[in-house]
Amino acid sequence: MLELFVIASWLSLVVYATWLFARAKRYATLRPGDAYVLWRLHKHESQCNASSYVGKFHEKEGVVGFKCLCGYEYESKRPMV
């Protein structure tokens with residue numbers, strides 16, 4: 001019975017650690033100027049000919065990314081750790 005408990009504990013630890021490092025992310029706030037610079041960088045690197053972009057907003061954090069008119073989307077996320 002103790003062996004089953006130990007195996008279940010280790011398995012739950014591995015599953016939680018995997019989730020924490022792979023999926024547990026939160027938004028990182030961007031200033032509007034930073035979003036503009038990132039959009040210009042995307043435009044230059046991918047030779048995009050879109051004339052503008054639309055900011056992506058989160059209700060608590062504010063600006064968290066942008067969506068280019070060509071279809072490219074950028075979200076600024078960072079791990080919770």
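Please verify whether region 38-51 includes one or more residues that are touching a residue at least 40 places away in the same chain (Cβ under 8 Å), charged (D, E, K, R) and either surrounded by 10 or more Cβ atoms within 10 Å (Cβ to Cβ) or touching a helix residue (DSSP H, G or I) at 6+ places or on another chain (Cβ under 7 Å) (or both).
no
Kindly indicate whether any position in region 57-66 is over 15 Å from the mean Cα position of the chain (by Cα), on the phi > 0 side of the Ramachandran plot and of a type in the set (Gly, Ala, Ser).
Scanning region 57-66, I find no residue that is over 15 Å from the mean Cα position of the chain (by Cα), on the phi > 0 side of the Ramachandran plot and of a type in the set (Gly, Ala, Ser), so the answer is no.
Just to be sure before I move on: is residue 18 surrounded by 10 or more Cβ atoms within 10 Å (Cβ to Cβ) and outside any loop (DSSP other than H, G, I, E, B) in the structure I sent?
Yes: the conditions hold for residue 18.
For region 3-19, check the following and say yes or no: at least one residue is touching a residue at least 24 places away in the same chain (Cβ under 8 Å) and under 18 Å from the mean Cα position of the chain (by Cα).
Looking through region 3-19, none of the residues is touching a residue at least 24 places away in the same chain (Cβ under 8 Å) and under 18 Å from the mean Cα position of the chain (by Cα).
Return the only residue of 35, 28, 22 being of a type in the set (Gly, Ala, Ser) and either touching an Asp or Glu at 6+ places or on another chain (Cβ under 6 Å) or without any contact (Cβ under 8 Å) to a residue 24 or more places away in the chain (or both).
Step by step, each of 35, 28, 22 is checked, and only 22 is of a type in the set (Gly, Ala, Ser) and either touching an Asp or Glu at 6+ places or on another chain (Cβ under 6 Å) or without any contact (Cβ under 8 Å) to a residue 24 or more places away in the chain (or both).
List pairs: first in region 61-81 and surrounded by 15 or more Cβ atoms within 10 Å (Cβ to Cβ), second assigned to a loop (DSSP other than H, G, I, E, B), Cβ under 6 Å, 6+ apart or cross-chain?
The qualifying pairs are 63/30; 64/76; 65/76; 68/50; 76/28; 76/30.
Kindly check whether there is at least one residue in region 27-47 that is at pLDDT 90 or above and among the polar types (S, T, N, Q).
Within region 27-47, one or more residues are at pLDDT 90 or above and among the polar types (S, T, N, Q).
The values are calculated or read from the model by the stated rules, or taken from the named source; none is laboratory data. Note that the structure is predicted; figures quoted are calculated from it, not measured. Here Cβ is always computed from backbone atoms with ideal geometry, including for glycine, and neighbour counts include all displayed protein chains.
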